[in-house]
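Everything below concerns the one structure shown next.
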Amino acid sequence: MWLILLAFWLTACTRTAPPLPTTPLTATAPPLAAATLTAAQALPALVLAERTAAGARDLATLRQLWAEDARIVDSRGTPDPTDDYIWNGRDAILDRYALAVFAVPPPPFTAPPNLDVTRTGDAASASLGADRWRFRFAAGRWWLQELAY
């Protein structure tokens, strides 16, 4: 009898929880028609799409927004660049979303962000609060190139 109870107890202790659902990278993301608009129209739409996708835990859309060589810089609230956290490249940025951002997603915007865009050729920049955004026009559309905060 003790052996049977011990077997049940050991079986109960070795069960694992079912895996958590993951966001598929192959999901069909909405087309980014806003990426082909003028800079003044497209860049606020890209920032809005980034915030919306981050809140929805939508890696497929985020993959379409960030340039392959993009980066995110977290200054950690100091002016010293040696203590910055930097995610270089789209894959690292997507890992950042999956590991850090999705756990506590940002609040949604109540309206499209009001960006003061400065454009120089195929590059543009804008600020939104403490966030500094850089954008690049390539392959016929605008991409998120950098977020620094």
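The values are calculated or read from the model by the stated rules, or taken from the named source; none is laboratory data. Since this is a predicted model, take the numbers as computed values, not measurements. Using ideal geometry, Cβ is built from the backbone for each residue, glycine included, and neighbour counts are taken over all protein chains shown. The protein model used for the area step is the full one, side chains on, heavy atoms only, and it has no ligands, DNA or RNA in it. Shrake-Rupley method; radii C 1.70, N 1.55, O 1.52, S 1.80 Å.
How long, wide and thick is region 40-149, going by the Cα atoms along their three principal axes, in whole angstroms, largest first?
32, 31, 28
For region 83-149, calculate the relative contact order in percent as a whole number, restricting contacts to Cα pairs under 8 Å that are 6 or more residues apart.
16 percent
Tell me, in nm to one decimal, what length is gained between residue 91 and residue 141 on full extension, where the rule is 0.36 nm per residue of separation less the Cα-Cα distance? Can you show the working numbers first?
Values: separation 50, 0.36 × 50 = 18.00 nm, distance 1.99 nm.
Full-extension gain reported as 16.0 nm.
Rank these by accessible area, largest first, 1.4 Å probe: 95, 80, 74.
Working: 95 90, 80 70, 74 30 Å².
If we order 95, 80, 74 from most to least accessible, we get 95, 80, 74.
What is the extension gain from residue 131 to residue 57, computed as 0.36 nm multiplied by their sequence separation minus the C-alpha to C-alpha distance, in nm to one decimal? All intermediate terms of the calculation are to be shown ahead of the outcome.
Working: separation 74, 0.36 × 74 = 26.64 nm, distance 2.02 nm.
Length difference between fully extended and current span is 24.6 nm.
I need the calculated FRET efficiency for the pair residue 69 and residue 104, taking r as the beta carbon distance and R₀ as 30 Å, to the nearest 0.05. Each step should come with its number before you reach the end.
On the way: r = 27 Å, r/R0 = 0.90.
That gives a FRET efficiency of 0.65.
Taking the Cα-to-Cβ direction at residue 118 and at residue 80 and moving 7 Å from each Cα, how far apart do the two end points lie in nm?
It works out to 2.7 nm between the two label points.
Over 10 Å intervals from 0, what percent of Cα-Cα pairs in region 51-102 sits in each interval?
P(r) for region 51-102, in whole percents per bin: 26, 49, 23, 2.
Could you report the accessible area of residue 119 in Å², rounded to 10, computed with a 1.4 Å probe on the protein chains as they sit in the structure?
Rounded to the nearest 10, the figure is 130 Å².
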